[in-house]
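What follows draws every value from the coordinates through simple rules; no lab data is involved. Just so it is clear, the model here is predicted, and its values are computed rather than measured. FYI the Cβ positions are ideal-geometry reconstructions off the backbone, even for glycines, and counts take in every protein chain you see.
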Amino acid sequence: MKLYFAPGACSLSPHIVAQEAGIPLTLVKVDTQTKKLADGGDYWAINPKGYVPALQLDNGELLTEGPAIVQYLADQKPATKLVPAAGSFERYRVQEMLGYINSEIHKTYSPLFRPTTSPELRKDREEYLRKRYKPIEQQLAKGPYLFGEQFTAADAYLFTVTNWANFLKLDFSEFPNLLAFQARVANRPAVQAAMTAEGLRPAAATK
């Protein structure tokens, strides 16, 4: 399988899940500005949506959208319990969290990366982001990961988007459980392997 990715982007989430599950992937780097591949190919021709991640299966099918991709990858190795069994209520809890991270946290970061975003909008989005992290902070008070002791695909997604705060220099000291979670996940061998492969370094090792 091929994972189309951009270093540190939301595509890091399925990359982490694949590493956790022991699933080998061929990584194809995408320039998200030019939509070009490393070999000069046109990413638009592969994924008409134009953004990462995209997972090309061995049968030629293309799967897009991070929450769908991480569930697909996790289902290839059910023994890892990266997602609960299909049909279980626990599965819906993980899907609920993936949806929340996607709509309320991931998308709130987007305007913060744009240089054209006004100071007023930036402040508004930062305040909204802090509001949406409060339930996450409460959830992480119950255990090391979002669902207790078990690391799941939702943890990989939360870690990936929250890591963007480092690049944006956002102060999340009001969320000690979240910060401890970030450091904990960054120290997982699979996470370090994924970040090393993308030319990144774990957040816990950043100086």
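Annotations for the structure displayed:
- Filter on K49/K169; K107/K169; K35/K169; K35/K107 - keep pairs with C-alpha separation over 22 Å: K49/K169; K35/K169
- Karplus 3J(HN,Hα) series, Hz, for segment 79-93 with 6.51 cos²θ - 1.76 cosθ + 1.60 (x for Gly, Pro): 5, 6, 6, 5, 9, x, 4, 4, x, 7, 5, 4, 4, 5, 5
- Shown here for segment 92-184: GluC sites (Glu not before Pro) in loop regions (DSSP other than H, G, I, E, B) with at most 15 other Cβ atoms within 10 Å, namely E149, E174.
- Computed as a quarter of the hull surface, the mean projected area of the alpha carbon convex hull for segment 2-79 stands at 4.9 nm².
- For segment 130-142, the Karplus equation 6.51 cos²θ - 1.76 cosθ + 1.60, evaluated at θ = phi - 60°, returns couplings of 4, 4, 7, 7, 4, x, 5, 4, 5, 5, 6, 6, 8 Hz by residue, with Gly and Pro reported as x.
- Counting only the Cα atoms, the chain fills a convex hull of 127 Å³ per residue.
- 13 Å beta-carbon shell around E137, net charge (K/R +1, D/E -1): +4
- The chain, relative contact order in percent, only Cα pairs under 8 angstrom and at least six apart counted: 23 percent
- The alpha carbon centroids of segment 152-187 and segment 1-35 are separated by 19 Å.
- DSSP-defined beta bridges in the chain - what % are antiparallel, rounded to 5: 75 percent
- Loop GluC sites (Glu not before Pro), segment 1-69 (other Cβ atoms within 10 Å of the site Cβ: 13 or fewer; DSSP): E61
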